[in-house]
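Here is the structure we will look at.
Every read-out reported here was derived from the displayed coordinates using simple, explicitly stated rules and does not represent laboratory data. Since the model is a prediction, treat every value here as computed from it, not as a measurement. Positions of Cβ are backbone-derived with ideal geometry, glycine not excepted, and every protein chain shown enters the neighbour counts.
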Amino acid sequence: MRVPVALFVLVLANAVACAQNHDSSAQADGGVNRTDAPQSSAILECTADAAVKLNASVVDVLIVFDGSESMGVGFGSGTRYSVLADVISQLVDDYQGRIRFGFEQFPVADALCSDQTVTGCCAGRPVVEVASDNGAAVQAALKQMLPPAGSTPTALALRSAHDYYARFTDEATNRYVLLATDGLPSCTLSGALSSNQPDDGSGGVSDACQDAVAQVQALFRDSIDVLVLAVGAGLNDDPAGPPNCLDQLAREGGMPQATTGRKYYSAASPETLQLTLEQIFGGVEKTSCLLDLNPPPRPSEPVAVYVDDQQIPHNSDNGWDFDPEGDAAATSRVRIVGQYCDRIEQFRYRTIEARFGCSPCDEETCR
C-alpha cells in the first residue's frame with residue numbers, strides 16, 4: 001500500500017548561534033521568534049540564520065456523497081443526510097489548508113444520464129473540482145444538494161470519480177476517494193437495479209456490489225485509495241459475522257481501518273461521526289510523524305524539535321527520538337511519538353522545526 005507523506009510545512013532550521021539568554025529581537029529570514037519558548041537554564045535557545053522550506057505533499061480527497069432515499073432516515077436531531085452534510089461542511093473548512101477537496105453527489109437527476117434504464121440510478125461527474133482552499137465551494141455544494149431520493153448507484157459514482165481523476169496531470173501522488181454512504185449498492189454499472197440484492201448482514205454479493213468492487217479495484221490500480229464511511233446504525237458491524245459489501249469495498253480500497261474487525265469506517269451515531277471523519281482525514285498522512293533530516297546534523301551536534309514554535313521533549317515514549325533504518329545515518333531521521341504524533345495526525349499542529357545546535361529538553365525542562 002502506498003503511504004502518503006506529511007501534508008503540512010516542515011521547516012528545517014540550521015542554527016549557528018546558541019546562547020543561554022535568549023535575545024527576543026534575534027530572528028533571521030525564515031526564522032522563528034522565540035519569545036514564547038519555555039524559559040529554563042537547561043534549554044539552550046538558538047537563532048536560525050536560514051530556514052529551508054520544504055514543499056508540502058499534495059493530497060486530494062474527492063468526497064463521493066450518498067444522497068439516496070435511505071439517507072433521509074432520522075439520525076440524531078436530523079437525518080443521515082443532513083448531519084453528514086453539516087459535519088463535512090465544518091471539517092472541510094478546518095482541513096482545506098492541508099487537503100485539496102472535491103465533491104460529488106450520487107444519485108443525480110436522471111436527465112443527466114441519457115442512457116439511463118432505471119429511475120434513480122444515475123451518477124454524474126463531480127460538481128466541485130478538486131482544488132486547494134476549496135472549503136467554501138464544497139460547503140456551497142452541500143447546501144445545494146438535491147433532497148434524498150433514488151437508489152444507490154455506487155459503481156457508477158466510483159467510475160465517475162475514476163474518470164475525473166484520470167484527467168489530472170499535476171504533481172499530486174496522494175489521491176483518495178471518500179465514499180460516504182449508508183448501505184449497500186443497489187444499481188449496477190449498466191444503470192439497472194441489481195437482480196439479486198441481499199440484505200446488509202447476509203454476506204451475499206449482489207451484481208451491484210460486484211460492479212462497485214470492480215470500480216474500487218480499478219481506482220486502486222491507478223494509485224487512488226478508496227476510504228469507505230458507513231453512516232447510520234443497522235449495518236452489520238459484527239466482526240464475527242459474514243462480510244458485507246461495504247467491508248469488501250474497504251478491503252479492496254487500500255485504506256481499511258484497523259481498530260475493529262470490519263474494514264470500513266463506521267459512524268453509527270452522530271456523536272461518533274465527526275471523530276470518525278477526523279480519523280479518516282488524519283489517516284491520509286500517517287507518516288507525518290517520521291521526518292527525514294537532509295542533510296543530517298554533524299556528529300555530536302545537538303538537535304531540538306519544535307512544533308508550532310514550542311520545543312517538545314527528547315523522549316522515545318512521548319516526544320521525539322532518532323529513528324535509524326537500514327543504511328540511514330543514526331541521526332538522519334526523527335520520529336515523533338506519543339501525544340505529539342496523535343496531534344500531528346489530527347492536524348493540530350501547523351509547523352515542525354528541527355533545529356541544529358540546540359540542546360534538546362526532557363519532559364521536565366520542556367514544561
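For the peptides 209-216, 180-187, 158-165, the ranking by mean Cβ contacts within 10 Å, running from highest to lowest, is 180-187, 209-216, 158-165. Each peptide in 354-366, 98-110, 293-305 was scored by the mean count of other Cβ atoms within 10 Å over its residues; highest first, the order is 98-110, 354-366, 293-305.
How much length is gained if the chain between Asp133 and Asp308 is pulled fully straight, taking 0.36 nm per residue apart and subtracting their Cα-Cα distance, in nm to one decimal?
60.9 nm
For the range 59-283, rounded, prolate or oblate, judged on the Cα gyration tensor with a ≥ b ≥ c (square roots of eigenvalues), a/c < 1.5 rounded, else prolate if a/b > b/c? Rounded. By DSSP, the beta bridges lying fully in the range 59-283 are antiparallel in about 15 percent of cases.
By the scheme Lys and Arg +1, Asp and Glu -1, what is the net charge of all other residues having a beta-carbon under 12 Å from that of Val205?
-3
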